[in-house]
Amino acid sequence: MDITQEIKRLARDKNAIILAHNYQIDEIQDIADFSGDSLELSQIAAKNDAAMIVFCGVHFMAESASILSPQKKVIIPDPTAGCPMADMVEAEDVIDLKKQHPGAMVITYINSTAAVKAHSDVICTSSNALRIVERVDADEIIFLPDRNLGSYVQRFTKKKIILWKGFCPTHEKFTPEELRAVREKNPGAVVMVHPECRPEVIDLADEVLSTGQMVNFVQKTDKRKIIVGTEIGMIHKLKCVAPHIEYIPASASFICPNMKKTNLQVLLNALQKEETVVSVAQDIRDRAKKALDRMLELSY
Ligand code: 13P
Ligand code: SF4
């Protein structure tokens, strides 16, 4: 039996669903039951009735799935697949910020640890950040950990956003000079970038979109050439949903090393051994779940 058939057989026998983020390698996206952005995958994790979730992504994503569905076994195939941005803020930092800004609400990007989520009022993703900021009952927002997403949201709201200093090393590396160069080589192409990019890159883009919003955009646009300013795995997903468009990676080094740690063999081992299980201590989980549930309520 080949490896993909064996993965599918094991997943069926164990009543497991395989979730994959849009940045996963092609083979993982193809074998997954669902692939999508952070919000879509959280919504699926919260709702489906499988016994087990195998989360092909990075640790905070699997952790969020486990918080939202504590009765399920949530497996991350490679437990070392972390997100450096998530580790750029700690629970103590949130406690200090709240003391400094007692009237502010804490809106935390899902790219964060469970302990930080537990000290937050609401969680957001890149696809609903502005909506959540506008919908909460506060005019002052502590936004963490991503300074780039936070300052992008600030462009569209009158509310005061207090930024933290976190960032995504993969998106931060991409420079305005690189964007100008790739645009010059591809005249007429539309430039779409993720809001985790630097503000100077965002200033030059035509569209600023979460990975899920990129999928929606290519299905509707009449453009035929698109420069993709985010992690390289995204291009496979876009080709699957809109194959008639030519996609140009904004940079060949737009690679998140942690998203690339999962491959078919790693996934097969995870299903066979049912490892590594992600779990969160109950007191943290209960408080983090409140903030995640609030996000899901406010997203619609
Ligand atoms: P999305 O929510 O847009 O999928 O982004 C997740 C992420 O980690 C981007 O770097
Ligand atoms: Fe984290 Fe950046 Fe990788 Fe997304 S691309 S998982 S933000 S390091």
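Observations, loosely collected:
- Among the numbered conditions (1) at pLDDT below 95; (2) within 14 Å of ligand 2 (Cβ to nearest atom); (3) over 17 Å from Val278 (Cβ atoms), the only one that Ser38 does not meet is (3).
- Subset of segment 181-194 (residues that are closer than 18 Å to Thr170 by Cβ, β-branched (Val, Ile, Thr) and either within 16 Å of ligand 2 (Cβ to nearest atom) or in a strand (DSSP E or B) (or both)): Val191, Val193
- For segment 16-38, the criterion of being surrounded by 22 or more Cβ atoms within 10 Å (Cβ to Cβ), touching a strand residue (DSSP E or B) at 6+ places or on another chain (Cβ under 9 Å) and under 21 Å from Arg287 (Cβ atoms) is met by at least one residue.
- Residues in segment 195-242 that are crowded, with 20+ Cβ neighbours inside 10 Å, within 12 Å of ligand 1 (Cβ to nearest atom) and in a helix (DSSP H, G or I): Thr211, Gly212, Met214, Val215, Met234, Lys237.
- Test: residue in segment 252-260 that is part of a loop (DSSP other than H, G, I, E, B) and of a type in the set (D, E, K, R): yes
- Any hit, segment 50-58, residues being free of Cβ contacts under 8 Å to residues at least 12 places away in the same chain and either surrounded by fewer than 19 Cβ atoms within 10 Å (Cβ to Cβ) or in a helix (DSSP H, G or I) (or both): no
- Selection within segment 61-85 - crowded, with 23+ Cβ neighbours inside 10 Å and without any contact (Cβ under 8 Å) to a residue 60 or more places away in the chain: Met61
- Those residues of segment 113-144 which are over 13 Å from the mean Cα position of the chain (by Cα) and touching a residue at least 60 places away in the same chain (Cβ under 8 Å), in sequence order: Ala114, Ala115, Lys117, Ala118, His119, Ser120, Asp121, Val122, Arg131, Ile132, Arg135, Val136
- Segment 173-185 residues that are surrounded by fewer than 17 Cβ atoms within 10 Å (Cβ to Cβ), paired with ones that are basic (Lys, Arg) (beta carbon under 8 Å, 6 or more apart): Thr175/Arg198; Pro176/Arg198
- Boolean, Lys289 is closer than 20 Å to Asp37 by Cα, among the charged types (D, E, K, R), in contact with a Pro (Cβ under 8 Å, 6 or more places away or on another chain) and in contact (Cβ under 8 Å) with a residue 40 or more places away in the chain: yes
- Any hit, segment 153-166, residues being at pLDDT 95 or above, out of contact with any Asp or Glu (no Cβ under 6 Å at 6 or more places or on another chain) and crowded, with 23+ Cβ neighbours inside 10 Å: yes
- Strands (runs of 3 or more DSSP E) fully within segment 72-156 counting 1 or more residues that are of a type in the set (A, V, I, L, M) and within 16 Å of ligand 1 (Cβ to nearest atom): 105-109, 122-124, 140-144
Conditions tested, residue by residue: (1) at positive phi; (2) of a type outside the set (Ser, Thr, Tyr); (3) buried (at least 16 other Cβ atoms within 10 Å of the Cβ); (4) more than 16 Å from ligand 2 (Cβ to nearest atom).
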{"position": "Ala250", "(1), (2), (3), (4)": "no, yes, yes, no"}
{"position": "Ala270", "(1), (2), (3), (4)": "no, yes, yes, yes"}
{"position": "Ala281", "(1), (2), (3), (4)": "no, yes, no, yes"}
{"position": "Asp286", "(1), (2), (3), (4)": "no, yes, no, yes"}
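- Among the residues of segment 157-182, the ones that are of a type in the set (A, V, I, L, M, F, W, C), in contact with a His (Cβ under 7 Å, 6 or more places away or on another chain) and within 16 Å of ligand 1 (Cβ to nearest atom) come to 0 in all.
The values are calculated or read from the model by the stated rules, or taken from the named source; none is laboratory data. Note that the coordinates shown come from a computational prediction; the quantities given were computed from them, not determined experimentally. Here Cβ is always computed from backbone atoms with ideal geometry, including for glycine, and neighbour counts include all displayed protein chains.
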